[in-house]
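One structure below.
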Amino acid sequence: MTRFQILKLPTHTDGRGSLTVLEGALPFPVVRSYWIYGADGQTRGGHRHRFTRQALVAVSGAVIIYMNDGVGEASVELMDPGQCLLVEPKDWHTMTFGEGAVLLVMSSHPYDRSEYIDEPYV
């Protein structure tokens, strides 16, 4: 069990495969989306935000997300494309990529480097 919120996304499965729906599932409007891939064995991130909320989905492979909100910490393994980890502005996070992993990131705000906080909690 983790203190960080993981959403179970609506997924429809039949003999033809699975379809996962994001429409109406996130608690914020998506302003920016991107995906990270080709990062096998690499750790990325290492920051938190002033305003931006994010939703992370491992659409392929496995990604371990280390989270620390200044009160508690946890490592969350995303490996099911029907799961979505919410990253709040206060959440310091890093993302470590398994082989062939693809991580979809949806953000509440456009990119603004001045909005990043690079110092971890002590």
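Brief remarks follow.
- Loop-located trypsin sites (Lys or Arg not before Pro) in segment 1-76 (DSSP state not H, G, I, E or B) with no more than 12 neighbouring Cβ atoms inside 10 Å: Arg3, Arg16, Arg50.
- Here is the list for segment 10-102: chymotrypsin sites (Phe, Trp or Tyr not before Pro) lying in DSSP coil, each with at most 15 other C-beta atoms within 10 angstrom of its C-beta, are Tyr37, Phe51.
- When log10 I(q)/I(0) by the Debye sum over Cα atoms at q = 0.11, 0.12 Å⁻¹ is calculated for this entry, the matching label among (1) -0.58, -0.65; (2) -0.41, -0.48; (3) -0.36, -0.43 is (3).
- Cα centre as origin, Lys/Arg/Asp/Glu Cβ charges: the chain dipole, Debye: 240
- Net charge dipole size for segment 60-122 [Lys, Arg +1 and Asp, Glu -1 on Cβ; Debye, nearest 20]: 120
- Computed on segment 28-113, with alpha-carbon pairs under 8 angstrom and 6+ residues apart, the relative contact order is 49 percent.
- Looking at segment 1-80, the GluC sites (Glu not before Pro) that sit in a DSSP loop and have at most 11 other Cβ atoms within 10 Å of their own Cβ are Glu23.
Any read-out appearing in this document is the output of simple, stated calculations on the displayed coordinates, not a laboratory observation. Being a predicted model, the structure only gives us computed values, none of them experimental. Neighbour counts run over all protein chains shown; Cβ positions are idealised from the backbone, glycine included.
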